[in-house]
Amino acid sequence: MKHRSLWWGASGVVLVGLAVAIGIMVEPSIAPIEPPARASFDPQLVRAGARIVALGDCIVCHTAKDGQPFAGGLPLATPFGTIYATNITPDPDTGIGRWSQSAFARALRSGIARDGHLLYPAFPYIHFTRISDQDIAAAYAYLMTREPVHASAPANDLIFPLNFRPPLAFWNILFLRQREYQPDASQSAAWNRGKQLVDGLGHCASCHSPLNAIGGEQAGRAFDGGVVDGWDAPPLNALGDAVHPWTLAQLVTYLRTGRASEHGAAAGPMQPVTRDLATVPVEDVDAIATYILSIQKPGATRPTMTPVGDHAPTPTEQRGSVLFQASCAQCHGPASPMQAIGERPTLAFSTAVNADTPRNAIQMMFYGIGWHGEDTLNYMPPFVEQYDDRQIADLAAYVRGAYSARPAWTDVDAMAAKLRKEDSAR
């Protein structure tokens, strides 16, 4: 009898646990609507929505290379496989044309699609919980008045069991917190606006924070730096450790133009973000910069540094010097026209050249910075096809030794090979 009671008790616990699990895994669908007519949206609300969508970088993730704006299909690399961004144009069949505003708001704040399936947290809904109702309404109005594009995203390529969505409910229990932004009366209006944007719409911590083993942001390490699509997203709380500590004016300029005179140019995943921020009012970017500069940690003690150029070049650096003169000196050498007139920052100030790892320097050499109309100052040609991994390592070693006082990087050729392999698999 005692064993039977224990068996029934254990069965009851299992059934209750199963019921709870089903309850958190299964979400109701929200009824589809007829796609609203464009004329039904207030033009002023649509214009406000353009600002919200730009601040949220929506086009950056939801537009594939050479694809239509907001039509999805961009591959997002994660430690667990590749997720493809969805179509958020108002197409009724493959986009969000049949989504009501309430369905749109639920997706933003809870990570649940209109039909009830759970969204992967590569979509930063854990940060979008802080977006106001008014901003959500504006974003909805803007997106629903875009050109509909009939395009389905490729199937996600994720490892088992993450290729099944229901377990995401348990991830949400750990990391999703519904919270609205509460202003800090002791801070300025610009600071409060900046915190609201950085923590909410801008979701800066989602890229600039390290992740734990299950893809959640590590507790207590917000803005300590992360890795995105093979690039280092540098710490946002260590800007004072740069060769020339960032100023408010430099950070605003960088965020709006992708270039800062004493730091370098934006590349990789950050470059399109700066293009979006160039379209919003400057007071928004000023607020973002104000808040970011307020979260700086005390300067860390750095290793003893050798003065730039005050060492005998290694054979690797000597080989790299030849490559530099052949491919880089025209723009980055001290006698180059752009250096002479001060339009291109010296590599001695570069965040990538002075970083702890060679990751971003390698990626810059691999892929450069794409050509965008008349903005030639930010252009850099790619060398991924011209140079093999050892040559890239030689070039990186030369640049580090010639332009930085930081210690030499190690195993650069191994990292170059690793990044080349990872990039080719995307």
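Throughout, read-outs are computed from the coordinates displayed, never taken from laboratory work. All of these numbers come straight from a predicted model, not from anything done at the bench. In this analysis, Cβ positions are derived from the backbone assuming ideal geometry, glycine residues included, and neighbour counts consider all displayed protein chains.
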Checklist entry - Which members of region 160-180 meet the condition of being within 22 Å of the chain's Cα centre (by Cα), under 16 Å from Ala113 (Cβ atoms) and outside any loop (DSSP other than H, G, I, E, B)? => result Leu168, Trp171, Asn172
Checklist outcome for this item: For region 79-106, pairs from a residue that is in contact (Cβ under 8 Å) with a residue 40 or more places away in the chain to a residue that is hydroxyl-bearing (Ser, Thr, Tyr) and surrounded by fewer than 17 Cβ atoms within 10 Å (Cβ to Cβ), with Cβ under 8 Å and 6 or more apart or across chains, are Asn87/Ser152; Thr94/Ser152
Item to check | Top-ranked residue in region 381-426 [being among the hydroxyl-bearing types (Ser, Thr, Tyr) and assigned to a loop (DSSP other than H, G, I, E, B); ranked as surrounded by the fewest Cβ atoms within 10 Å (Cβ to Cβ)] | outcome: Thr410
Checklist outcome for this item: Taking region 230-252 and keeping only residues that are in a loop (DSSP other than H, G, I, E, B) and either at negative phi or surrounded by fewer than 17 Cβ atoms within 10 Å (Cβ to Cβ) (or both), one is left with Pro234, Pro235, Leu236, Asn237, Ala238, Ala242, Val243, His244, Pro245, Trp246, Thr247
Checklist entry - Restricting the search to region 181-227, which residues are assigned to a strand (DSSP E or B) and of a type in the set (Val, Ile, Thr)? => result Val227
